[in-house]
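J.: Got a structure for you, written out below as structure tokens; questions coming shortly.
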Amino acid sequence: MGLKFSNFGKAKISSAPDGTAGLSFTVEAGKGILFPVLGTGDYFYGIFKDASGNREIVKIEARGTDNFAIATGGRGLDGTVARTWAAGDYFVAGITRAALEESLSNTNLIALGALASSADALPYFSGAGTAALTSLSAFARALLSSADAAAARATLGAAEATLIPSGTVMSFFQAAAPVGWTQITTHHNKAIRIVSGTGAGSGGSVAFTSAFASQAVTGSNSATTLTMAQIPWHTHALSVYNTAGVGTNPSGGGGGSIQGNPLTDGGTGGGGSHNHAFTGTAINLAVQYIDMILASKN
């Protein structure tokens, strides 16, 4: 946005501005293309002239093909006087003092022009309208001249082959291997174990989702035969009757009485085996997990 220039901008006036205050005119058909293309905020300086050598500098703020619009207050500039022009006179997009002064008065250009150039130095703006120099080494120039990212990494000594050697295996939390990597599928449905020794080993026999799933606990203990020493010692009481007297006689006699104090046998114990059935609460080992993939650098 700003002051514009063009080469060979010269054409005859087709429809002149209205007197000394008119702000629009046209040039001969098809010649408008010789003048600057103007966007929003753009402008250029032009010169009206006739066969008698009269001149007027104006400021053009818009152009539509062969139609021109002069800015308000843009007549009779740079020491010239607004005049009445006629069809057949010329309009030229020439270099004027006003255009040169505007260009050269740019504070950024002035700041850069004030720098004392030297080898291996790069100018930069240190503030609004101020500039300075900084050193630019051969290495920095080589980096700046790199054609693409790959060339820049090579200049830095950080090429992909150097950073991550081919054959490197890494895990990734994503759906597929990234570009430049190949997914390894020999390991599937396994847990990851961290070791302090040599890595890249594997083991186990049960798949991850099979081992960590809800499983019921049921069964019985093994049968156990108790020895005599293991059975609590116990006895059984005995009653012995004589055949004299009256009363009940277990031996079928005519009655009798208990002979002496009650007796006991010599003690006894079992000798068979037994078991105890049991049931338990199901153990849910379906732990939460994330799926990782292994990929090898190509």
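Since every read-out is calculated from the coordinates, none of them should be taken as a lab result. Every value quoted in this text rests on a predicted model; they were computed, and no experiment measured them. FYI the Cβ positions are ideal-geometry reconstructions off the backbone, even for glycines, and counts take in every protein chain you see.
J.: Residue separation times 0.36 nm, minus the C-alpha to C-alpha distance between residue 153 and residue 176: what's the value?
T.: Full extension from residue 153 to residue 176 adds 5.7 nm.
J.: What is the count of Lys pairs in segment 10-103 whose alpha carbons sit under 14 Å apart, if the two are 8 or more places apart or on different chains?
T.: 4
J.: Just check segment 1-128 against the gyration tensor rule for me: Cα atoms, a ≥ b ≥ c as the square roots of the eigenvalues, rounded for a/c under 1.5, and otherwise prolate or oblate depending on whether a/b exceeds b/c.
T.: Prolate is the answer for segment 1-128, as a/c is 1.5 or above and a/b outweighs b/c.
J.: Name the long-range amide H neighbours of residue 121: under 5 Å, sequence gap of 5 or more, or other chain; modelled H, no Pro or chain starts.
T.: Those qualifying (amide H under 5 Å, at least 5 residues apart or on another chain) are 136.
J.: Ordered by residue, what ³J(HN,Hα) values in Hz, to whole numbers, does segment 122-137 give under the Karplus form 6.51 cos²θ - 1.76 cosθ + 1.60, where θ = phi - 60° and Gly and Pro are x?
T.: 10, x, 8, 7, 9, x, 5, x, 10, 9, 8, 10, 9, 5, 10, 6
J.: I'd like to know which of 86, 103, 44 lies farthest towards the positive end of the charge dipole of segment 10-103, counting +1 on Cβ of Lys and Arg and -1 on Cβ of Asp and Glu.
T.: 86
J.: A further question on this structure: Given H placed 1.01 Å from N in the peptide plane, which residues other than close sequence neighbours of residue 94 have an amide H under 5 Å from its amide H?
T.: 47
J.: List the residues whose amide H sits under 5 Å from the amide H of residue 5, counting only those 5 or more places along or on another chain, with H placed 1.01 Å from N in the peptide plane.
T.: Excluding prolines and chain starts, which carry no amide H, there are no hits.
J.: Students often check this: by mean Cβ neighbours within 10 Å, which of 79-87, 112-120 ranks highest, and how do the rest follow?
T.: Taking the mean over residues of other Cβ atoms within 10 Å, the ranking is 79-87, 112-120.
J.: Among 95-108, 171-184, 44-57, how do they line up by average Cβ neighbours within 10 Å per residue, starting with the highest?
T.: Packing proxy ranking, top to bottom: 44-57, 95-108, 171-184.
J.: How would 186, 235 line up from fewest to most surrounding beta-carbon atoms within 10 angstrom?
T.: 186, 235
J.: Follow-up question, since we're still on this one. Let me know the shape class of segment 107-163, please: from the alpha-carbon gyration tensor, a ≥ b ≥ c as square roots of the eigenvalues, rounded when a/c is under 1.5, otherwise prolate if a/b is greater than b/c, or oblate. List each step's numbers first, then the result.
T.: Values: a/c = 3.99, a/b = 2.78, b/c = 1.43.
Prolate, because a/c is 1.5 or more and a/b exceeds b/c.
J.: Work out the length of the dipole vector of segment 10-103 about its Cα centre, built from +1 on the beta-carbon of each Lys and Arg and -1 on the beta-carbon of each Asp and Glu, and round it to the nearest 20 debye. Show your work: numbers first, answer last.
T.: On the way: 10 positive and 11 negative charges, 36 e Å.
Computed charge dipole of segment 10-103: roughly 180 debye.
J.: Can you list the lysines whose alpha carbon is less than 30 Å from that of residue 297, not counting same-chain residues fewer than 8 positions off?
T.: 190
J.: Please turn the phi angles of segment 81-91 into ³J(HN,Hα) values with the Karplus equation 6.51 cos²θ - 1.76 cosθ + 1.60 (θ = phi - 60°), one per residue in order, whole Hz, x for glycine and proline.
T.: 10, 4, 10, 8, 10, 10, 4, x, 5, 10, 10
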